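The structure under discussion appears below in the form of C-alpha cells.
The values are calculated or read from the model by the stated rules, or taken from the named source; none is laboratory data. Just so you know, these numbers come straight off a predicted model, no measurement behind them. With ideal geometry, Cβ positions are generated from the backbone for all residues, glycine too; neighbour counts draw on all protein chains shown. Surface accessibility is based on the protein's heavy atoms, side chains included, excluding ligands, DNA and RNA. Shrake-Rupley method; radii C 1.70, N 1.55, O 1.52, S 1.80 Å.
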Amino acid sequence: MTKPTVYPKIDMSATKSHGDCTKVVDVQNIELTESPSSHDHPDHNNALRPPSWIAALSPAERQDLEKKLKRKIDWRLMPAVLIMYFLNYIDRNNIAAAKLANLERDLNLSSVQYQTSVSILFVGYLLMQLPSNLFLNKFGKPAIYLPCCMIVWGTISAATSACTSVTGLYVVRFLLGFVEAAYFPGCLYYLSCWYTRSELGLRTAILYSGSLLSGAFSGLITAGVVSGLDGARGFHAWQWLFILEGSATIFVAFACFFVLPNFPRTTSWLTEEEKSLAVWRLEEDVGVDDWVGGEKQTFWQGAKMAFTDFRTYVLVSILSPPSRILPRVCMVLLFCIVASGTVTNFFPTVVQTLGYSRIHSLLLTAPPYVLAVIVTFANAWHADKTGERYFHIAVPMCVAIVAYIIAATTTHVAPRYLSMMLMVPSVYSSFVVAISWVSNTMPRPPAKRAAALAFINARGAALHGGHGGELCYGVCCGVCGDGDEDDSEQAK
C-alpha cells in the first residue's frame with residue numbers, strides 16, 4: 001500500500017472526499033491515504049481497505065469468524081469485569097451496610113461524621129480518574145494494571161476493620177477512593193477498545209450489573225455476618241464485613257491476571273488472524289484505527305486534546321452543527337440520572353425507615369437490585385438492537401420521577417417499598433444506556449477518548465458523592481428519620 005501522508009493538527013467536522021484521497025477525520029493527525037483505484041472509481045474515495053485475507057472472506061465466513069472471536073473475548077472478559085466491578089462497588093459501599101452493623105456506635109460517629117466518611121471517598125475518586133485512564137492508555141496492558149489496582153483497594157478495604165477513630169476512617173476512605181478510581185472509567189475505555197458501537201450497550205450493561213448485584217448481595221452478606229459473626233474472635237460484625245469482602249477482592253484480583261485480555265494488538269492468547277480481525281472490526285466501525293502501541297500514545301497530550309475540545313463538555317462528539325442541541329440535553333440528563341442515583345449510597349438506611357429490624361431491612365435491600373439487573377439488561381439489549389437511545393433513557397427516568405413522588409407523598413409501607421422497587425431499576429437502566437452512548441461517540445485518538453471518558457465519569461461522581469450525597473442523606477435523615485428500629489414513628 002502507498003505510505004500515508006500525515007498532516008498534523010487538522011480537525012474537520014465531517015468526512016469529505018478530495019480528489020484521489022480518502023480523508024479520515026476527527027483525529028488530531030489526519031491521514032490522507034492514496035487510493036490507486038480512485039481515479040477510475042470516484043465512488044470508492046471513502047472506502048476503507050481491510051487486510052487481504054479478510055477481504056477474501058465471504059459474508060458468511062466473516063460473520064462466523066466474528067462470532068467465534070466475540071464469543072472467545074466475551075467468555076474471558078465479561079465475567080471477569082462483572083465480578084471485579086461487583087467487588088469494587090461492594091468495597092466502596094459496604095460502609096452503608098456497616099452502619100446497620102453498629103459502625104457508628106463503635107466509632108462514636110455523629111451523623112455528619114458518617115456522611116463525611118461516605119463522601120470523602122469521592123475526593124480521591126475524582127483526583128485519580130483522569131491520570132489513571134491516561135496511564136492505562138499509555139501502558140497498554142489492562143490485564144496487569146486493573147488487577148494490580150484491585151489488590152491495592154482490597155487491602156485498603158480490609159484495613160478499614162482496624163479503624164478506631166473517625167480520623168482513621170477518613171484516611172482509609174480517601175485512599176480507597178483514590179485507588180478504586182482506576183476501575184470504572186478504565187473499564188469503559190477498555191470495553192470501547194474491543195467492541196463496536198452496536199455491541200457496546202449490552203456489554204456496558206453487563207459491566208454495570210456488577211454494581212447492581214453488589215447492592216443485592218451486600219445486604220444478604222451483611223445479614224449473615226451480623227447474625228453469625230458479631231463478636232467472633234473479638235471482632236465486631238462490621239469489622240468482619242470489611243475483612244471478608246476485602247480478602248475476597250484480593251483473591252479474585254490474582255485470578256484475573258490469568259483471565260483478562262489486554263488490547264487487541266497486545267493479547268498473547270489470540271492468533272495473529274484473530275488480532276487482525278479484532279483491530280479491523282473497530283477500524284471499520286469508526287473509520288479510524290484505534291490503539292496501536294504504547295510508544296505511539298501520548299500522556300498529557302491526550303488530556304489537553306480532550307479539554308480543548310468543546311465536545312467533551314457536552315459529552316458527545318459532534319459531527320455536524322445541527323446536532324449540537326442534543327448533547328447539551330444529554331449532559332443535563334446524565335447529571336439528573338446521577339443525582340437520582342445517590343439514594344443507593346444510603347439505601348439500607350432508606351429501607352430501614354420502613355420500620356423493620358436490622359436483619360429484615362438488609363434482606364429487603366436485595367429485590368430492588370435484582371429487578372434492576374433484569375430491567376437494565378433488557379433496556380440495553382433493546383437499545384443496541386434498535387439503535388435508538390433517547391426513549392431508552394427518557395422513559396425509565398419518567399418511571400423514576402413517579403417513584404420519587406410516591407416515596408415523598410405517602411407513609412404507608414407497601415407504596416413506599418414499591419417506590420424503592422421502581423427507583424433503582426429505572427435510574428440505572430437509564431444510566432447504562434446514557435453512559436454507553438457517551439462511549440460510542442467518544443472521538444479518536446485513544447488518548448483523547450480515555451481522558452474524555454474519565455473526565456465525564458468524574459463529573460458524574462462529583463455529583464454522586466458530593467452535593468448529591470449530602471442532599472440524599474439530608475432527605476433520608478431529616479424527612480424519613482434516622483432509621484433506628486425504635487424510631488419507626490419518626491420515620492413515618
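Observations, loosely collected:
- Screening A253 against (1) modelled with pLDDT under 95; (2) over 27 Å from H382 (Cβ atoms); (3) of a type in the set (G, A, S) leaves a single unmet condition, (1).
- Subset of region 33-52 (residues that are open to solvent by 80 Å² or more (accessible area, probe 1.4 Å) and either at pLDDT 85 or above or of a type in the set (V, I, T) (or both)): S52
- Test: L77 is over 30 Å from A162 (Cα atoms), crowded, with 23+ Cβ neighbours inside 10 Å and touching a residue at least 60 places away in the same chain (Cβ under 8 Å): yes
- Test: residue in region 129-142 that is open to solvent by 10 Å² or more (accessible area, probe 1.4 Å), modelled with pLDDT under 90, in a helix (DSSP H, G or I) and of a type in the set (A, V, I, L, M): yes
- Restricting attention to region 372-408, the residues that are surrounded by fewer than 17 Cβ atoms within 10 Å (Cβ to Cβ) and either outside any helix (DSSP H, G or I) or under 20 Å from the mean Cα position of the chain (by Cα) (or both) total 8.
- T222 meets all of the listed conditions (1) open to solvent by less than 40 Å² (accessible area, probe 1.4 Å); (2) more than 20 Å from Y89 (Cβ to Cβ); (3) not acidic (D, E) but one, namely (2).
- When residues of region 101-128 are limited to those that are assigned to a helix (DSSP H, G or I), among the polar types (S, T, N, Q) and at pLDDT 90 or above, the one surrounded by the most Cβ atoms within 10 Å (Cβ to Cβ): S117
- L175 being closer than 24 Å to K448 by Cβ, of a type outside the set (S, T, Y) and either at pLDDT below 95 or in contact with a Gly (Cβ under 9 Å, 6 or more places away or on another chain) (or both): no
- Taking each residue of region 384-405 that is farther than 23 Å from I206 by Cβ and looking for partners that are surrounded by 12 or more Cβ atoms within 10 Å (Cβ to Cβ) and at pLDDT below 90 with beta-carbon atoms closer than 6 Å, six or more apart or interchain, yields A403/M423.
- Filter result for the condition that a residue is modelled with pLDDT of 90 or more, of a type in the set (G, A, S) and part of a helix (DSSP H, G or I), over G201, G210: G210
- Residue within region 81-99 that is touching a residue at least 12 places away in the same chain (Cβ under 8 Å), over 26 Å from R281 (Cα atoms) and of a type in the set (K, R) present: yes
- On inspection, F242 passes the criterion of being assigned to a helix (DSSP H, G or I), among the aromatic types (F, W, Y) and open to solvent by less than 40 Å² (accessible area, probe 1.4 Å).
- Out of V279, V314, V286, sole residue that is closer than 20 Å to K70 by Cα, at pLDDT below 80 and out of contact with any strand residue (DSSP E or B) (no Cβ under 6 Å at 6 or more places or on another chain): V286
- So L241, is it at pLDDT 90 or above and either small (G, A, S) or under 18 Å from the mean Cα position of the chain (by Cα) (or both): no
- Selection status of Y428, at pLDDT 65 or above, surrounded by fewer than 19 Cβ atoms within 10 Å (Cβ to Cβ) and either assigned to a helix (DSSP H, G or I) or touching a Ser or Thr at 6+ places or on another chain (Cβ under 6 Å) (or both): no
- Hey, V179 open to solvent by less than 40 Å² (accessible area, probe 1.4 Å), part of a helix (DSSP H, G or I) and over 26 Å from V286 (Cβ atoms) or not: yes
- Residues in region 104-119 that are over 16 Å from T164 (Cβ atoms) and touching a residue at least 24 places away in the same chain (Cβ under 8 Å): 5 in all.
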